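Enquirer: My structure is below; once you've seen it, I'll send some questions.
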Amino acid sequence: MWFFIARRVLYAVPILLGVSFVVFLLMKMVPGDAADILIPPEAPREVAAMIRARFGLDQPIHIQYLRWLQAMASGDFGTSIFTNQPVADELFGALANTLKLALPAALLGFSLGVLLGALAAHYSGTWLDKLFSAFAITGVSLPHYWVGMVLVAIFAVVLNVLPGQGMGPEGFPSTWEHARHLILPVITLSLIPMGVVSRLVRANVLEIRSMEFISALAAKGLMGRRVLLHILKNAAPSALALMGLQFGYLLGGSILVETVFNWPGSGSLMNLAIFRRDIPVLSATILVLAAIFVAINILIDVLQALIDPRIRR
Amino acid sequence: MSLQDAIAVRPVAEALQRAQAGKSYWSRVRERLLADRITMAVMALLASIIVIVLAAPLIATHDPTVGSVFARLKSPGYQGHWLGTDEVGRDLWSRILYGGRLSLLCGVAPVAFALLAGGSLGLLAGYRGGIINSLIMRSMDVLYAFPSILLAIAICGMLGAGLVNTILALTVTFIPPIVRISETVTAQVRSFEFVEAAQASGAKPLSIIRFHILNNVLGPILVYATSLISISIILAAGLSFLGLGITPPDAEWGLMLNNLRQAIWVNPLVAALPGAMIFITSMCFNLVSDGLRSAMDVRI
Amino acid sequence: MICRDWTGCRLAGLTTVAWLGAIAAAIPSIAQGTLRIAMTATDVPTTTGVPNNGFEGVRFMGFTAFDALVNWDLSRADKAADIVPGLAESWQQDAGDRKKWTFKLRSGVSFQDGTHFNADTVIWNLDRSFKQGVPQFDPQGSAINRGRPTYFAENGYRKVDDSTIEFTTTRPISYFPYVLTTLFYVSPTAFEKAGNWAEFAKAPVGTGPFQVRNFKSRISVDLVKNAGYWDKARIPKLDKVVLFPMPEANTRLAALRSGQVDWIEVPPPDAIDGLKKAGFEVVTNSYPHVWPWVLNTAKADSPFRDLKVRQAVNYCIDRDGLVTLLAGTAEPSVGFFKKGDPRFGKPKNDYKFDPAMARKLLAEAGYGAGKTVKGKIMISTSGSGQMLPLPMNEFLQQSMKQCGFDISFEVVEWGTMLVAFRAEPTAPQAVNSDGMNISLVSSDVSMVVRWFYGENVTPKGSNWGHWRNPDFDALLLKMEGAVNPEEFRKTLGAMHEMLVDEAPWVWIVHDRNPRAMTRQVQGFVSAQSWFQDLTRVSIR
């Protein structure tokens, strides 16, 4: 078991190196660099040259890459070319903000998803099934950022009961004021996970229910809840896998919702960094997000292996 | 987006085993499909959307890029504009039609290219095994480490907006899961006895692949692909929303959504249409995917 | 409801009234102080005394917390803002050597931490941007400050005595004080205590009417009243201003309408009607901003090398239509300065939407029914001062068809456009464009020099189109060497006439700087400037 875990963790290292390489490559394909954005258009050439030298932008690509890699490895995430603030501060602050959105959205989405999926499977074939399935499909077919905008228009502007944007007060969400700011973005963000999880759970439950060993259990006299437990235990691995991936997606893909709600999270940080070609911030953000994603994947693999020993690739 | 990669492998393998039962499988599939009225209805709807949108040059009432500043954000029915006008005075009906072409293109093309590229890569990796397999699969793992939308945004953000870059970015995003499925299935099929038997009897590798693997994998891949198309449409619209996808004056539903955001205060009906189109089309693809799935008895 | 117990009722009534009165009295003192503003910036502008985010950064994080040697008079809405003494109380150009300027510093001014303001602090601050070796050298700040031409010679500034600084310019510049308006001064003591600029940014110390507090990157920053401000007439009425970056127009709109902020920059034009109906104030005014097409006269096959074609374009712009499209948040532009500006002069061409005239000019240039003018213009998706580039340009494209212009666009992202703007118009960055739609500043004559002087062509300077006219350059040098205001005004007028008649740019519109605010905001005077004075504002 430990060997399995160790293998997975060790494997993550070359993956991350590969990710860093891809990120760096993408960045170099961009016309212009941070210096061009930072400097007002009318600046004399020496100013541009000075900035480039200062931030090592005039070095050949592979030198820049190696230097950057070295810094990252020693924990130095560098300084934002634009704001002069240490990247680590900005990045982890932004990540914390995104987590404030992603965790409740995941909880909401997953629980609703499991509920809807289980209910749909239970009432399979009836109009209730169709209803719940319709909810699920709507969740994955709607452009969720559009839903966000509509919600803002209705609840913030017309009805004026919820704030239309922003994160509200600082700090760990613990007050009603915090909650008010969370409601609309969390609902918006939870739509897709809800839909995806619900569809998977329904399909899984149906499949397992139709399996022979369940009928065998029923024949043995096991009723209701005990059977449900067996079903859940069998459905869990793939459901967990899905939830993990969806959570990773929430963390990395929150940019659209953050744009609509002006939420200062990692998605909007990355968006800003792309447009400003702020390489230190951009590379660190992508790398950290990818690392989290990889870590989630490892966690899922381990959990799956624990629950179902057959799944050990 | 990545739901399928974790679970698609199993049903594909099962489908293979079932498919070995013979040709009656496909005729059974067809029967089931025809009997499923909801899926047939949705397929008809989708087909009509596609046909209408493709026929845009014939049924559009105006040039989708021409607008009159004095006819901005008008309600449906104004001066021959069936659905009203947009924020620059262009006919909304025509823009929805032409926009649909680009949106559908951005939905289907990336998936098609990814199927081609990813499918071949996976096939190669699965059939040859060894170093080639490791090389390909490990590269895919690297791409896999990116949450999909991040990758699409990063690519478009770096290379710039536009139709070509959008399709490229989305294709790259979809390749990893397809490679994975394709590789696993190929590896499994390769290990079946009938393939070894075919090899022993002197059949060429290509024909083995073609006959056995493609025939049997087609079903589940089709299911997966249709659900991917719906995701691709939404992602492309999202990219245009961020200013990274299709560029003006072209019409595309996501771009129109972005442009019409302010219109929500002036003429909300007009503002809701592109969003509704994205929703309906995406939903149709999803429903068709589900229908195919039940018909092919792919149990997931 | 009829009161049965009359006495009890009266008592209850009185108590209620008294209680409500107490609350009502208390509320103004809470609400009165704080003004919440939503900016279009994507991030909180840097607070270190060199604001980024362009002129919006200077507007909210420049003149609020800091002063320059030369400030702007932002108290009048009826005429273009002009300069006034700031931290320097007077200045003098040397009669003999016209490259030397002597600035007398204001006495009795202290930074917000008590440090005395004098010549040493001025030198220290200038070194921060212009001298690479010093401990306080700030690369980002330097890039921004040196990006705006200062015309400093080598060792261009020196201390004469504790309250006098002498500047030396590269050539005689009659408008030199104008270029000093965006150089701000911070307390060296505070920097030394902080140790580096990143730390300093968290609690910066300047001389301005407000003090920066609570800097939260990407979220907000507070500007707190500085009761000890040296200009007693401009001590703020507000207790606090909170600034929020909100790059999305719709988000700003939602924030204003839902009561989360009191004032937003640049509301979406379509929403303006609705805002007015809902009881909000929408304030607009002219300001020195130009939204042109900068024409490429260097590219060999550019149709705009021909003067007649350039003039024809100017006659083919439906300016009024565009203004309608923008719901009145812009005004027609027929020159670099606004028509009616004392510097406008009397050009021969009075541009208006005249397709017949345009076609006539094109015919003279050799175009006609069979041969349309094909041009590619580089436009951006957004950007500071770019207004709504996509719909605006598409509108222009359509209306120009009737004169025989076939215009296509190269849509790029703002950053890419800035890169191209810095390079030659024939460089690959220009992607073969025949013109660029980039909004530029027209606040004073130093800007005329920047964009049009023949020696200032890119990449050396900022004349992207490489428009060169020897007569214009001669006038310009004369203007720079002008010895009296009359000569200055006349030459400037003649220069502007050339700018109109020679049409190096397509004159399209001037932005009108719209902002929307609640009716509670009082005392705001919309100055004709990129900058605004928040010290006169109060909130009910």
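The values are calculated or read from the model by the stated rules, or taken from the named source; none is laboratory data. Bear in mind that the values here come from a model prediction, so they are computed numbers and not experimental data. Glycine gets a Cβ as well: all are built from the backbone with ideal geometry, and neighbour counts include every protein chain shown. SASA here: full protein model, heavy atoms, side chains in, ligands and nucleic acids out. Shrake-Rupley method; radii C 1.70, N 1.55, O 1.52, S 1.80 Å.
Enquirer: Which condition from (1) assigned to a helix (DSSP H, G or I); (2) modelled with pLDDT of 75 or more; (3) closer than 30 Å to A:Arg54 by Cα is the one that A:Pro264 breaks?
Expert: A:Pro264 satisfies all of (1) assigned to a helix (DSSP H, G or I); (2) modelled with pLDDT of 75 or more; (3) closer than 30 Å to A:Arg54 by Cα except (1).
Enquirer: A further question follows. Need at least 3 residues that are in contact with a Leu (Cβ under 6 Å, 6 or more places away or on another chain) per element, so show me which helices (runs of 4 or more DSSP H) inside segment C:243-355 make the cut, counting only ones lying wholly within it.
Expert: So the answer is C:307-315.
Enquirer: What's the number of the only condition in (1) free of Cβ contacts under 8 Å to residues at least 12 places away in the same chain; (2) part of a strand (DSSP E or B) that C:His510 fails to meet?
Expert: With (1) free of Cβ contacts under 8 Å to residues at least 12 places away in the same chain; (2) part of a strand (DSSP E or B) applied to C:His510, the lone miss is (1).
Enquirer: For a quick check of your reading of the model, give me the residue pairs whose first member lies in segment C:406-434 and is at the interface with chain A (Cβ under 9 Å from one of its Cβ atoms) and open to solvent by less than 10 Å² (accessible area, probe 1.4 Å), whose second is assigned to a loop (DSSP other than H, G, I, E, B) and aromatic (Phe, Trp, Tyr), with beta-carbon atoms closer than 9 Å and at least 6 apart or on different chains.
Expert: Pairs that qualify, where the first residue is at the interface with chain A (Cβ under 9 Å from one of its Cβ atoms) and open to solvent by less than 10 Å² (accessible area, probe 1.4 Å) and the partner is assigned to a loop (DSSP other than H, G, I, E, B) and aromatic (Phe, Trp, Tyr), are C:Ala420/C:Trp464; C:Phe421/C:Trp464.
Enquirer: Pick out the one residue from C:Leu238, C:Leu243 that is at pLDDT 90 or above, closer than 19 Å to C:Gly54 by Cα and crowded, with 20+ Cβ neighbours inside 10 Å.
Expert: Just a single option satisfies the conditions, and that option is C:Leu243.
Enquirer: While we're looking at this one, here's another question. Being open to solvent by less than 40 Å² (accessible area, probe 1.4 Å) and in a helix (DSSP H, G or I) is the requirement here; does A:Ser133 meet it?
Expert: When the stated conditions are applied, A:Ser133 passes them.
Enquirer: Check segment C:176-187 and report whether any residue there is in contact with a Gly (Cβ under 7 Å, 6 or more places away or on another chain) and assigned to a strand (DSSP E or B).
Expert: Yes: segment C:176-187 contains one or more residues that are in contact with a Gly (Cβ under 7 Å, 6 or more places away or on another chain) and assigned to a strand (DSSP E or B).
Enquirer: Now for a different question. Please verify whether segment C:362-379 includes one or more residues that are open to solvent by less than 20 Å² (accessible area, probe 1.4 Å), over 30 Å from C:Gly493 (Cα atoms) and within 14 Å of chain B (Cβ to nearest Cβ). Steps first, answer last, please.
Expert: Of segment C:362-379, the ones open to solvent by less than 20 Å² (accessible area, probe 1.4 Å) are C:362, C:373, C:375, C:377-379.
Restricting the remaining residues to those that are over 30 Å from C:Gly493 (Cα atoms) gives C:373, C:375, C:378-379.
After this cut, where a residue has to be within 14 Å of chain B (Cβ to nearest Cβ) as well, the list is C:378-379.
Checked segment C:362-379: at least one residue is open to solvent by less than 20 Å² (accessible area, probe 1.4 Å), over 30 Å from C:Gly493 (Cα atoms) and within 14 Å of chain B (Cβ to nearest Cβ).
Enquirer: Also: Would you point out which residue out of A:Ile274, A:Ile286, A:Ile279 is more than 10 Å from every other protein chain (Cβ to nearest Cβ), within 29 Å of A:Leu57 (Cα to Cα) and crowded, with 24+ Cβ neighbours inside 10 Å? Before you say what the answer is, go through the steps one by one.
Expert: Working: A:Ile274 fails: more than 10 Å from every other protein chain (Cβ to nearest Cβ); A:Ile286 fails: more than 10 Å from every other protein chain (Cβ to nearest Cβ).
Among A:Ile274, A:Ile286, A:Ile279, only A:Ile279 is more than 10 Å from every other protein chain (Cβ to nearest Cβ), within 29 Å of A:Leu57 (Cα to Cα) and crowded, with 24+ Cβ neighbours inside 10 Å.
Enquirer: May I pose another question? For segment B:57-72, give me the residue count where each residue is within 11 Å of chain C (Cβ to nearest Cβ) and at pLDDT 75 or above.
Expert: 2
Enquirer: Could I ask something else about it? Among A:Ser215, A:Ser210, A:Ser174, A:Ser190, which is under 22 Å from A:Asn97 (Cβ atoms), open to solvent by 50 Å² or more (accessible area, probe 1.4 Å) and of a type in the set (Gly, Ala, Ser)?
Expert: Only one candidate qualifies: A:Ser174.
Enquirer: Tell me, yes or no, whether segment B:27-34 has at least one residue that is over 27 Å from C:Gln398 (Cα atoms), among the aliphatic types (A, V, I, L, M) and either open to solvent by less than 60 Å² (accessible area, probe 1.4 Å) or modelled with pLDDT under 80 (or both).
Expert: Yes.
Enquirer: Out of all the residues in segment B:170-185, is one or more in contact with a Cys (Cβ under 9 Å, 6 or more places away or on another chain) and open to solvent by 60 Å² or more (accessible area, probe 1.4 Å)?
Expert: There is no residue in segment B:170-185 that is in contact with a Cys (Cβ under 9 Å, 6 or more places away or on another chain) and open to solvent by 60 Å² or more (accessible area, probe 1.4 Å).
Enquirer: Where residues in segment A:57-99 are surrounded by fewer than 14 Cβ atoms within 10 Å (Cβ to Cβ), part of a helix (DSSP H, G or I) and of a type in the set (Gly, Ala, Ser), which of them is farthest from the other protein chains (Cβ to nearest Cβ)?
Expert: Within segment A:57-99, the match that is farthest from the other protein chains (Cβ to nearest Cβ) is A:Ala73.
Enquirer: Here's a follow-up. Would you call C:Glu248 among the acidic types (Asp, Glu) and within 13 Å of chain A (Cβ to nearest Cβ)?
Expert: yes
Enquirer: Give segment B:53-89 a look and list any residue that's of a type in the set (Gly, Ala, Ser) and either in contact with a strand residue (DSSP E or B) (Cβ under 7 Å, 6 or more places away or on another chain) or open to solvent by 60 Å² or more (accessible area, probe 1.4 Å) (or both), or say none.
Expert: Matches in segment B:53-89: B:Gly67, B:Ala71, B:Ser75, B:Gly89.
Enquirer: Out of everything in segment C:125-139 that is under 14 Å from C:Leu183 (Cα atoms) and open to solvent by less than 30 Å² (accessible area, probe 1.4 Å), what residue ends up being nearest to the other protein chains (Cβ to nearest Cβ)?
Expert: Step by step, filter segment C:125-139, then rank; the result is C:Asp138.
Enquirer: Something else now. Quick one: C:Val483 ticks every box in (1) closer than 22 Å to C:Asp341 by Cβ; (2) open to solvent by 10 Å² or more (accessible area, probe 1.4 Å) except a single one, so which number is it?
Expert: Answer for C:Val483: the failing condition is (1).
Enquirer: Filter segment C:253-263 down to residues that are within 22 Å of C:Arg59 (Cβ to Cβ) and modelled with pLDDT under 90 and give me whichever is farthest from the other protein chains (Cβ to nearest Cβ).
Expert: C:Leu253
Enquirer: Name the residue that is farthest from the other protein chains (Cβ to nearest Cβ), counting only residues in segment A:136-155 that are free of Cβ contacts under 8 Å to residues at least 12 places away in the same chain and open to solvent by 30 Å² or more (accessible area, probe 1.4 Å).
Expert: Applying the filter and picking the extreme gives A:Ile154.
Enquirer: May I pose another question? One residue is enough: does segment A:255-262 have a residue meeting the conditions open to solvent by 10 Å² or more (accessible area, probe 1.4 Å) and over 20 Å from A:Gly164 (Cα atoms)?
Expert: Checked segment A:255-262: no residue is open to solvent by 10 Å² or more (accessible area, probe 1.4 Å) and over 20 Å from A:Gly164 (Cα atoms).
Enquirer: Inspect all residues belonging to segment B:83-94 and state whether any of them is aromatic (Phe, Trp, Tyr), more than 19 Å from B:Leu163 (Cα to Cα) and within 14 Å of chain C (Cβ to nearest Cβ). Show your work before the answer.
Expert: Taking segment B:83-94 first, the residues aromatic (Phe, Trp, Tyr) are B:93.
From what is left, the residues that are more than 19 Å from B:Leu163 (Cα to Cα) are B:93.
Those left that are additionally within 14 Å of chain C (Cβ to nearest Cβ): none.
There is no residue in segment B:83-94 that is aromatic (Phe, Trp, Tyr), more than 19 Å from B:Leu163 (Cα to Cα) and within 14 Å of chain C (Cβ to nearest Cβ).
Enquirer: Need the failing condition index for C:Val266 against (1) more than 9 Å from chain A (Cβ to nearest Cβ); (2) within 18 Å of A:Ala156 (Cβ to Cβ); (3) surrounded by fewer than 24 Cβ atoms within 10 Å (Cβ to Cβ), just the number.
Expert: (2)
Enquirer: Something else: Quick one: B:Ala161 ticks every box in (1) open to solvent by 20 Å² or more (accessible area, probe 1.4 Å); (2) under 22 Å from A:Ile192 (Cβ atoms) except a single one, so which number is it?
Expert: (2)
Enquirer: Exactly one condition in (1) charged (D, E, K, R); (2) closer than 25 Å to A:Met270 by Cα; (3) in a helix (DSSP H, G or I) is false for A:Glu170; which is it?
Expert: (3)
Enquirer: Residues that are within 14 Å of chain A (Cβ to nearest Cβ) and open to solvent by 20 Å² or more (accessible area, probe 1.4 Å): does segment C:280-303 have at least one?
Expert: yes
Enquirer: Which one of the conditions (1) open to solvent by less than 10 Å² (accessible area, probe 1.4 Å); (2) in contact with an Asp or Glu (Cβ under 8 Å, 6 or more places away or on another chain); (3) away from chain A (no Cβ under 14 Å) does B:Leu97 fail to meet, given that it meets all the rest?
Expert: B:Leu97 satisfies every listed condition except (2).
Enquirer: While we're on this one: Filter segment C:314-351 down to the residues that are buried (at least 18 other Cβ atoms within 10 Å of the Cβ) and over 27 Å from the mean Cα position of the chain (by Cα) and list them by number.
Expert: C:Tyr315, C:Cys316
Enquirer: Going by what's in this entry, would C:Lys193 be described as within 14 Å of chain A (Cβ to nearest Cβ) and not small (Gly, Ala, Ser)?
Expert: Judged against the criteria, C:Lys193 is not a match.
Enquirer: Based on what the data block shows, is C:Gln397 within 8 Å of another protein chain (Cβ to nearest Cβ), in a helix (DSSP H, G or I) and not basic (Lys, Arg)?
Expert: When the stated conditions are applied, C:Gln397 passes them.
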